[in-house]
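Visitor: Just dropping this structure here.
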Protein chains: 4
Amino acid sequence: MTNELGPLAERLREFARARDWEQFHTPKNLAMALAGEAGELLAEFQWLTPEESADLDPETLARVRSELADVTQYLVRLADVLGVDLVAAAYAKLDEGEKRYDADLYRGSARKAPPLNP
Amino acid sequence: MTNELGPLAERLREFARARDWEQFHTPKNLAMALAGEAGELLAEFQWLTPEESADLDPETLARVRSELADVTQYLVRLADVLGVDLVAAAYAKLDEGEKRYDADLYRGSARKAPPLNP
Amino acid sequence: MTNELGPLAERLREFARARDWEQFHTPKNLAMALAGEAGELLAEFQWLTPEESADLDPETLARVRSELADVTQYLVRLADVLGVDLVAAAYAKLDEGEKRYDADLYRGSARKAPPLNP
Amino acid sequence: MTNELGPLAERLREFARARDWEQFHTPKNLAMALAGEAGELLAEFQWLTPEESADLDPETLARVRSELADVTQYLVRLADVLGVDLVAAAYAKLDEGEKRYDADLYRGSARKAPPLNP
């Protein structure tokens, strides 16, 4: 990765190399690990109201931060193994989204335009 | 976010603001969107062997890149709403992982040390 | 499977056999497919308030029913491949939950006792 | 639910009622819990080869069985809250799949016909 996440990707690569774990880090396996961590993140929010989720107590926020870190690690590692520049890919998708979802037309409507980039 | 992902976070914030979608971007909802996109990423790999997943044809790689972009967008947006610095959090977790998984002790073993940071 | 889901498991088995798809139905792959479908289910609910999610319009309910069907198929197929009786396993877990979460002690509290069986 | 899963659905309903947890069991929240458990199931398989996943040691199988039980509980509870008959929905989807994927045409090909019912 040649973008801003490069140094993190490099340290994760070295972490895997030093333990001979590259053999486990196939894209298939890393996608599973990423989704598993996304599931742990979900679990932190599942019984909270949307309002409560926006006002976390410090203990919950610390756990959420730790889960976000896990998701980030696997996402950056997966992109590195695949040779994908995450930030460039995100900007490209955002360019599409800005054309697709006219700001005036979709204002305030999640029904008409659910995802950032569906 | 004050780190390398700051400009992306800022553009996503503006994207949501311009459409009055901030009301939908609670941490609970964004965690769901993130996990949903992680699920779409999984679907690209589910019938491939680990070896095939490491050698994608260009069409599949393009779809995977697009899913990685979606995951990145929701992850960065969620972290921004929560005030979490993803890169700093990832480094903190990696520091822990390097202490926890001694390179010599865990060499080549996914059984003893499955995740990057379990 | 010898329980109530037996006939469904048997038809799914025959469906896979007739197409020579058993080779793709490893537990690893089926767990990915199950999680992918759970992600599609999530996507139906991600921008709804909890109240809206309890009062779906007919079109959304039809899509949700279809996603629930997909989750059920992969869950039953995975359990069949592993030789697990899902209903017996669920009752066993429920027995544990009933002991663990005293009804008087945990009444009305998701904080103290978030999941059915955490 | 009036199908074979009815008694399990009923016991889960009573479990929630006795603890006054029905307030937490909105479809949105239950879909999150289901996806979270599907993520825990994934984690059991993420570093295994497909072959290893088909030949689990007894300890791993016991953990997998427990995760399958959790997924089943939330799936049955969610369907019950929504008034969806899971088994009927699964058969309806399977009818579609059998028409869509001609057995001769799709034999042995996961590329052409990845999911059971995509």
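Readers should treat all values here as calculations from the given coordinates under stated rules, not as data from a laboratory. Bear in mind the structure is a predicted one, so any value in this text is a computation, not a measurement. Note: ideal-geometry Cβ built from the backbone for every residue, glycine included; neighbour counts use all protein chains shown.
Visitor: Would you check which residues across the range A:32-42 are buried (at least 24 other Cβ atoms within 10 Å of the Cβ) and facing chain D (nearest Cβ under 9 Å) and list them?
Guide: Keep residues of the range A:32-42 that are buried (at least 24 other Cβ atoms within 10 Å of the Cβ), which gives A:32-39, A:41-42.
Correct list: A:M32, A:A33, A:A35, A:G36, A:E37, A:A38, A:G39, A:L41, A:L42.
Visitor: Inspect all residues belonging to the range A:2-13 and state whether any of them is surrounded by 19 or more Cβ atoms within 10 Å (Cβ to Cβ) and closer than 27 Å to B:E22 by Cβ.
Guide: Yes; the residues of the range A:2-13 include at least one that is surrounded by 19 or more Cβ atoms within 10 Å (Cβ to Cβ) and closer than 27 Å to B:E22 by Cβ.
Visitor: Any residue in the range A:89-111 that is in contact (Cβ under 8 Å) with a residue 12 or more places away in the chain sitting within a Cβ distance under 6 Å of a residue that is aliphatic (A, V, I, L, M) and not in a loop (DSSP other than H, G, I, E, B)? List the pairs, counting only those 6 or more apart or interchain.
Guide: A:K93/B:A69
Visitor: Residues that are among the aromatic types (F, W, Y): find the helices (runs of 4 or more DSSP H) completely inside the range C:1-117 holding 1 or more of those. Spell out the reasoning first.
Guide: Details: elements: C:6-18, C:27-45, C:50-53, C:58-82, C:86-100.
Result: C:6-18, C:27-45, C:58-82, C:86-100.
Visitor: Right, something else. Report yes if B:F45 is crowded, with 23+ Cβ neighbours inside 10 Å, free of Cβ contacts under 8 Å to residues at least 24 places away in the same chain and over 16 Å from A:L42 (Cα atoms), otherwise no.
Guide: On the way: crowded, with 23+ Cβ neighbours inside 10 Å: yes; free of Cβ contacts under 8 Å to residues at least 24 places away in the same chain: yes; over 16 Å from A:L42 (Cα atoms): yes.
The answer is yes for B:F45.
Visitor: I would also like to ask the following. Is it fair to say D:L56 is crowded, with 23+ Cβ neighbours inside 10 Å and closer than 29 Å to A:E67 by Cα?
Guide: no
Visitor: I'm told D:E22 meets every condition in (1) surrounded by fewer than 22 Cβ atoms within 10 Å (Cβ to Cβ); (2) closer than 17 Å to C:D70 by Cα except one. Can you identify the failing condition by its number?
Guide: (2)
Visitor: With the requirement that a residue be out of contact with any Pro (no Cβ under 7 Å at 6 or more places or on another chain), among the polar types (S, T, N, Q) and either facing chain D (nearest Cβ under 7 Å) or over 18 Å from D:A35 (Cβ atoms) (or both), what does the range C:50-97 give you?
Guide: Step one: list which residues in the range C:50-97 are out of contact with any Pro (no Cβ under 7 Å at 6 or more places or on another chain), which gives C:50-52, C:55-77, C:79-80, C:83-97.
Retained after the next criterion (residues that are among the polar types (S, T, N, Q)): C:60, C:66, C:72-73.
Across the range C:50-97, the qualifying residues are C:S66, C:T72, C:Q73.
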